[in-house]
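Heads up, the thing below is written out as structure tokens.
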Amino acid sequence: MGGWRPPWGIEYVVDSLNAFILIVILFLSLLVSIYSKRNVEHEIEEKKLVTFYTLFQLLITGLCGITVTGDLFNMYVLLEVCSLAAYALIAVAGGRALKASYNYLIMGSLGACFYLIGVGFLYSVTGTLNMGDMKLLLPPLYANRAVQAAFVFFIVGISIKAYVFPLHTWQPDAYTYAPSSVSALIASTMSKVMIYALIRLIYSVFTLDFILSYVGLDIVICWVAATAIIAGSIIAITQRNLKRMLAYSSIAQIGYILLGVGLSPLSVWGLFGAVAHILNHAIMKGCMFLAAGAFIHKAGLWDIRDFEGLGKKMPYASAAFTIAAISMIGIPPGAGFASKLFLILASLEASQYPFVAILLLSTLLNLVYFWRVIDRMYFVRHEEVETDGGEKEGGLPLSMIVPMLILAALCIIAGIFWLTELPLPLFYRILSDLGVSGGVTL
């Protein structure tokens, strides 16, 4: 960029991994933008619409920039670009969203500060900000305290941005009170980009040799992820607000991706599971947040206890939510089944059997909190359902129905895709680009 050769200039790099992430970001952003056309008009004031779409594009720009940059400081700048856009997009709904946005601003600023301190530490010992250059310079410096401290700062900073438990405190309110389109966009893209940034730092800056040089560091990451999986699922069971339940579910699902990252030094299946779940969770959770937005848009329904007979009144939105939920529980051929299968294989190959039990337990917990929603929509009847004046789903705009149905179909298509040999060439390319030897067969 700017005519300066790397490592002095800011370098943008596209390889197989971030090309995959870019496709996820841009595809989900396109569907959410189509969905938002009518939904946003319902949830925010008309005078804010131009500002909303300006910030919407700025957020996507920042996410794409984080994905393709090859410069650590440039990643920080773009991290702030998308974060500032996200703060404003959450706050645009007004009311309780203002406090949620403020809390996110405080925690997000702390996360960015930790990340920037890590960049400063690495620059102080290497004299470069280019990721590829730093990867070559760091191996002799693994024992350096500044390098070790930088790794910790990176992990903590990005964990705040990716709402890894217990650094998730800003996330539930932000997802609950933001406009539905914003909740869907942030849940399906922003958190995945933050985890991608963590994968990029581990593989393309520090490398697996750094992780393996400290006995137990990978297992510590796994146990943090396992705690997030169980805690997020248990808290989700206690929620009555659908969007809040989905928010805590996302905390658990980020734990799945982080578990794959932690297992990846011990098994390539871990990396396969993490990469697969980045796509799978984006599709499934995006679909569910769009469905939740449809329930609010059409019937003003937030509380799960008021969902009696909703499957009859809003069949398309209810069906889309149900398909995504069943997929996330891990019932084949849903996409969630493939993710959990890969993580279980990684745990078995790494001889980390407790994580197999945690994955199976999490499936049961997922079943509990998703099934109660499905049960009320389809199997609980209330005498006021037919007389409450609610309209049929025919009034829901087609621009809102189509994105939901596309994502619901992809929940099944992606699950089948991962269980064939079709993704293997992509995964071998990712392993090669990240400098990992070995391969997997299905």
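The values are calculated or read from the model by the stated rules, or taken from the named source; none is laboratory data. Since this is a predicted model, take the numbers as computed values, not measurements. We place every Cβ from the backbone using ideal geometry, glycine too, and count neighbours over all the protein chains shown.
A compact table of results
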read-out	value
Qualifying residue in segment 209-219 (condition: of a type outside the set (A, V, I, L, M), part of a helix (DSSP H, G or I) and touching a His at 6+ places or on another chain (Cβ under 9 Å))	no
Any pair with Cβ under 7 angstrom, 6 or more apart, that starts in segment 232-254 at a residue that is in the same structural domain as Val182 (by TED's automatic domain parsing) and ends at one that is part of a loop (DSSP other than H, G, I, E, B)	none
Any hit, segment 1-17, residues being surrounded by fewer than 22 Cβ atoms within 10 Å (Cβ to Cβ), without any contact (Cβ under 8 Å) to a residue 24 or more places away in the chain, of a type in the set (A, V, I, L, M) and in contact with a strand residue (DSSP E or B) (Cβ under 7 Å, 6 or more places away or on another chain)	yes
Any hit, segment 120-135, residues being of a type in the set (Asp, Glu), at pLDDT below 90 and under 26 Å from Ile257 (Cβ atoms)	no
Meets criteria (touching a Lys or Arg at 6+ places or on another chain (Cβ under 8 Å), surrounded by fewer than 23 Cβ atoms within 10 Å (Cβ to Cβ) and not assigned by TED's automatic domain parsing to the domain that holds Leu246) for Ser204	yes
Residues that are assigned to a loop (DSSP other than H, G, I, E, B) and touching a Lys or Arg at 6+ places or on another chain (Cβ under 9 Å), drawn from segment 220-248	Arg240
Any hit, segment 194-211, residues being among the hydrophobic types (A, V, I, L, M, F, W, C), farther than 30 Å from Tyr428 by Cβ and in contact with an Asp or Glu (Cβ under 9 Å, 6 or more places away or on another chain)	no
Verdict on Leu72 being in contact with a Pro (Cβ under 6 Å, 6 or more places away or on another chain) and buried (at least 16 other Cβ atoms within 10 Å of the Cβ)	no
The listed residue being in the same structural domain as Asp133 (by TED's automatic domain parsing), at pLDDT 90 or above and not acidic (Asp, Glu), out of Leu49, Leu63, Leu98	Leu63
Complete set of residues in segment 280-314 that are in contact with an Asp or Glu (Cβ under 7 Å, 6 or more places away or on another chain) and either crowded, with 24+ Cβ neighbours inside 10 Å or at pLDDT 85 or above (or both)	Met314
Entirely in segment 47-138, the helices (runs of 4 or more DSSP H) that have 1 or more residues that are of a type outside the set (Val, Ile, Thr) and over 26 Å from Ala184 (Cβ atoms)	72-91, 96-126, 131-137
Lone qualifier among Ala335, Ala317, Ala325 - being assigned by TED's automatic domain parsing to the domain that holds Ile416 and over 21 Å from Ile254 (Cβ atoms)	Ala317
